[in-house]
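Enquirer: The structure under discussion is supplied below as structure tokens; questions concerning it will follow.
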Amino acid sequence: MASSKQQRTDPTTIAPKSRTGSAKKNSGRPGVRPPKAPKVAKATARDWIGGARIQTLPLAFAPVALGTAAAFVLRLDEDGVGWHWLRALLCLIVAVSLQIGVNFANDYSDGVRGTDNNRVGPRRLTGSGAARGRTVITVAFVWFGIAAIAGIIIVVRSGHWWMLAVGAVAILAAYFYTGGKRPYGYLGLGEVFVFIFFGLVATAGTTYVLADTVTVESWLAAVAVGLFAVATLMVNNIRDIEQDAIAGKRTLAVMIGNLPSRIFYVVAMLVPFGILGAFTLLYVNAYLVFFVLLSALPACVIVLTAKTAPELILALRLTGLTALLYGLGLASAIAF
């Protein structure tokens, strides 16, 4: 039955008439581009590598390095615990795979919601149309699968079966950051979850898997690296604050405003160096890690003064570099 309402037609979508007076044929397929719409280049290998957001991977390396170092110093205990190279490698695979997986899942979810339509940073695979959303989310689940397989091997080798639940919650948290009907990343809770999973769980969890215990060093390092994860997410959200507000993505940056977000970032970047002061009382070479301030302080200055997206992208890279150098440097000071 025909609708009683008259359907409006967009005049820009009507095909021009030919000389014989008949309209040009449309293919009839959904998603056909208007004649003047620019064609989007298909995603290249470089685009897929960019989709993995390599600059965020220090958030995976740093906690595993610190958690491993905290366990490594226990290697001379009478129980002989503290060093299992295979378990340490598997922990790194879990952390890296989860980080890449959440990046692709975020690309997909923000893309299909339209959140990335007006973004000012590097183009996203889904939002730009360079790759099909189904392909992007499939890649995300492949990485989640790799993390799950590595996690299962850890559980089998360590005998801590209850950690299967921790791994499952970590994967669910990675997906529902921007996925699902009510993603917590749209409710200002992203920083809380990255602190928990890329700080506390990743660092203390690595120590526990290797040494069957969690030490004071591990907890302190977990807080420090968790704050770097928070700073990384915050600077990314500061860059997109206007676009996220328009799209209805209520990140913590959107909720508290521009200037408070920038101050929050600086605090998150500098508190780990206060924690470092405690490590200098325990480990003779820990003071050398203060040289990492050479990358942390410029990042703070940029975030406080930045007026353009490229400046904040540079700050994002410096934040990742700071997290990596801090994690590897402190891990070396603890272990050696």
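The values are calculated or read from the model by the stated rules, or taken from the named source; none is laboratory data. The shown structure was predicted, so the numbers you read here are calculated from the model rather than taken from an experiment. For neighbour counting, all protein chains shown are included, and Cβ atoms are generated from backbone atoms with ideal geometry for every residue, glycine included.
Enquirer: Being at pLDDT 95 or above, surrounded by fewer than 24 Cβ atoms within 10 Å (Cβ to Cβ) and of a type in the set (A, V, I, L, M) is the filter here, so list the residues in the stretch 209-226 that pass it. Quick ask: steps written out before the conclusion?
Expert: Step one: of the stretch 209-226, the residues at pLDDT 95 or above are 218-226.
Remaining after also requiring surrounded by fewer than 24 Cβ atoms within 10 Å (Cβ to Cβ): 219-220, 223.
Correct list: 220, 223.
Enquirer: For the stretch 206-213, does any single residue satisfy the condition of being of a type outside the set (Asp, Glu) and within 23 Å of residue 110 (Cα to Cα)?
Expert: Taking the stretch 206-213 as the starting set, the residues that turn out to be of a type outside the set (Asp, Glu) are 206-211, 213.
Applying the additional criterion that residues be within 23 Å of residue 110 (Cα to Cα) yields none.
Scanning the stretch 206-213, I find no residue that is of a type outside the set (Asp, Glu) and within 23 Å of residue 110 (Cα to Cα), so the answer is no.
Yes or no, residue by residue, for (1) at pLDDT 85 or above; (2) outside any loop (DSSP other than H, G, I, E, B); (3) surrounded by 17 or more Cβ atoms within 10 Å (Cβ to Cβ):
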site	(1), (2), (3)
89	yes, yes, no
101	yes, yes, yes
110	yes, yes, yes
117	no, yes, no
131	yes, no, yes
138	yes, yes, no
144	yes, yes, yes
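Enquirer: While we're on this one: If residue 80 satisfies every condition in (1) under 18 Å from residue 209 (Cβ atoms); (2) at pLDDT 80 or above; (3) out of contact with any helix residue (DSSP H, G or I) (no Cβ under 7 Å at 6 or more places or on another chain) but one, which is the exception?
Expert: If we test residue 80 against (1) under 18 Å from residue 209 (Cβ atoms); (2) at pLDDT 80 or above; (3) out of contact with any helix residue (DSSP H, G or I) (no Cβ under 7 Å at 6 or more places or on another chain), just (2) comes out false.
Enquirer: Based on what the data block shows, is residue 170 modelled with pLDDT of 95 or more and surrounded by 24 or more Cβ atoms within 10 Å (Cβ to Cβ)?
Expert: Values: modelled with pLDDT of 95 or more: no; surrounded by 24 or more Cβ atoms within 10 Å (Cβ to Cβ): yes.
In short, no.
Enquirer: Let me ask another. So, in the stretch 34-46, of the ones that are modelled with pLDDT of 85 or more and charged (D, E, K, R), which residue ends up surrounded by the most Cβ atoms within 10 Å (Cβ to Cβ)?
Expert: First, the residues of the stretch 34-46 that are modelled with pLDDT of 85 or more: 42, 44-46.
Among the residues that remain, those that are also charged (D, E, K, R) are: 42, 46.
Details: 42: 10, 46: 8.
Applying the filter and picking the extreme gives 42.
Enquirer: Another one. Working carefully through the options 294, 321, 312, 282, find the one that is touching a residue at least 40 places away in the same chain (Cβ under 8 Å), surrounded by fewer than 14 Cβ atoms within 10 Å (Cβ to Cβ) and farther than 15 Å from residue 227 by Cβ.
Expert: On the way: 294 fails: touching a residue at least 40 places away in the same chain (Cβ under 8 Å); 321 fails: surrounded by fewer than 14 Cβ atoms within 10 Å (Cβ to Cβ); 312 fails: surrounded by fewer than 14 Cβ atoms within 10 Å (Cβ to Cβ).
Answer to the selection: 282.
Enquirer: Any residue in the stretch 257-268 that is under 14 Å from residue 241 (Cα atoms) sitting within a Cβ distance under 6 Å of a residue that is at pLDDT 95 or above and not in a helix (DSSP H, G or I)? List the pairs, counting only those 6 or more apart or interchain.
Expert: none
Enquirer: Six or more apart or on different chains, Cβ under 7 Å: which pairs go from a residue in the stretch 170-186 that's closer than 16 Å to residue 136 by Cβ to one that's among the aromatic types (Phe, Trp, Tyr) and surrounded by fewer than 17 Cβ atoms within 10 Å (Cβ to Cβ)? Could you list them?
Expert: These pairs meet every condition: 177/184.
Conditions (1) farther than 20 Å from residue 56 by Cβ; (2) hydrophobic (A, V, I, L, M, F, W, C), marked per residue:
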position	(1), (2)
106	no, no
122	no, no
147	no, yes
159	yes, no
169	yes, yes
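Enquirer: Okay, next question. What number of residues in the stretch 150-167 are assigned to a loop (DSSP other than H, G, I, E, B) and either surrounded by 15 or more Cβ atoms within 10 Å (Cβ to Cβ) or touching a residue at least 12 places away in the same chain (Cβ under 8 Å) (or both)? Walk me through how you get there before you give the answer.
Expert: Of the stretch 150-167, the ones assigned to a loop (DSSP other than H, G, I, E, B) are 159-162.
Among the residues that remain, those that are also either surrounded by 15 or more Cβ atoms within 10 Å (Cβ to Cβ) or touching a residue at least 12 places away in the same chain (Cβ under 8 Å) (or both) are: 160.
Residues in the stretch 150-167 being assigned to a loop (DSSP other than H, G, I, E, B) and either surrounded by 15 or more Cβ atoms within 10 Å (Cβ to Cβ) or touching a residue at least 12 places away in the same chain (Cβ under 8 Å) (or both): 1 in total.
Enquirer: Looking only at the stretch 175-198, filter to residues that are of a type outside the set (A, V, I, L, M), within 10 Å of residue 233 (Cβ to Cβ) and in contact with a helix residue (DSSP H, G or I) (Cβ under 7 Å, 6 or more places away or on another chain); which one of those is surrounded by the most Cβ atoms within 10 Å (Cβ to Cβ)? Walk me through how you get there before you give the answer.
Expert: As a first pass, look at the stretch 175-198 and keep what is of a type outside the set (A, V, I, L, M): 175-186, 188, 190-191, 193, 195, 197-198.
Going one step further and asking which of them are within 10 Å of residue 233 (Cβ to Cβ), we end up with 177, 185, 190-191, 193, 195, 198.
Next, only the ones that are in contact with a helix residue (DSSP H, G or I) (Cβ under 7 Å, 6 or more places away or on another chain) stay: 177, 190-191, 193, 195, 198.
Details: 177: 22, 190: 24, 191: 23, 193: 20, 195: 21, 198: 29.
My answer is 198.
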